[in-house]
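Data first, discussion second: the structure below is written as structure tokens.
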Amino acid sequence: MEEALYKQNNIEININAKNLTRVLYFSKYKSHLYCKEKDCSAELNFVDGKNGSKFFRTNASTNHKFGCPSEVGHNERTIENKKKQYENRINITNKHMNNTLERAFNKFINDSIDKGDGIHKKKYSNPQSVKGNNGNYSPELFNDGVDSIVRGPNISTIIYSNIEKNDEGEIRCVIGYVNNMQLMERHGYMNLTPKMENSVKVHFAEYFVVNNESEFYNMTIVNKYIKLMKSKEEKVVCCCIGRIKYAKIGINIILDRYQGFILNGMGFYQILSYMRK
């Protein structure tokens, strides 16, 4: 779609995609763009394609009204995405995820600075416990995860080199140093090791792209940050929360949202802000 309706504080303005930039979109229009058809409340995302094309795409979490011209081609994709949604989502709040990542990073920095190869190979667990458990219950966070009103579910934290076969399919907070980043059209990887048989990768799979479309297209800025730190010979510490999956080559840590990782203690939008200074 080339046009979208900007709605905020009783203001409604038609916006053409060709007049938008990523910076303007994130600073003003994000979460306020809708289908321009009358009585249609479908939310739209702005996409700035690699080939210079600019357009609006329907947010996967919303639907167009029945008969809306813009619903063509969206419904089939939405149905397929919904089939994947239940098995891919991590059933914890962004706040709990952020708190867990911050604690993991701070503990890693305090416990692991300049120890041998740079990584203190020790497992430890989030000290928070799920209300009502007996202290040794580790809830599955995908699908029917357990949430507490006061505290979120336990998330075991592990150094990337300590991932074991029994971690397969489980949710883990994983810590490691970023080696490099690879971005393709509909997925990407943040490599914690060089490519080899036992390589470990943070995987931004298609599910991630569908539900974090704008953020995925700005992952190029995150990649620039990684390269900048490398050029300064500074390490990039990655803490991420995702599902462990053994692949043909190595291990993937599958993320479901952009809030699922921090680099050197900074979240996605903090990194973007840092790079724009």
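Just a few scattered comments:
- What a 1.4 Å probe finds exposed on segment 154-251 is 48% carbon and sulfur by accessible area, rounded to a whole percent.
- Pairs from Lys28/Lys277; Lys30/Lys232; Lys54/Lys232; Lys18/Lys235; Lys7/Lys224; Lys107/Lys232 whose Cα-Cα separation, in the structure shown, is over 26 Å: Lys30/Lys232; Lys54/Lys232; Lys18/Lys235; Lys7/Lys224
- Inter-label distance, nm, simple model (7 Å from Cα along the C-beta direction), Lys235/Asn10: 5.6
- Heavy-atom accessible area order for Ser273, Ser199, Ser156, Ser27, largest first, 1.4 Å probe: Ser27, Ser273, Ser156, Ser199
- The residues of segment 202-249 present an accessible area of 42 Å² per residue when probed at 1.4 Å with all protein chains retained.
- Seen from Asn14, the other residues with C-beta closer than 14 Å to its C-beta sum to a net charge of 0, counting Lys and Arg as +1 and Asp and Glu as -1.
- GluC sites (Glu not before Pro) within segment 1-46: DSSP coil, no more than 12 neighbouring Cβ in 10 Å: Glu2
- Proximal charge balance of Lys227 [Cβ under 14 Å; K/R count +1, D/E count -1]: +2
The values are calculated or read from the model by the stated rules, or taken from the named source; none is laboratory data. The structure displayed is predicted, hence computed values, not measured ones. Reconstructed Cβ throughout: ideal geometry from the backbone, glycine too, with neighbour counts over all protein chains shown. What goes into the accessible areas is simple: the full protein's heavy atoms, side chains included, and nothing from ligands, DNA or RNA. Shrake-Rupley method; radii C 1.70, N 1.55, O 1.52, S 1.80 Å.
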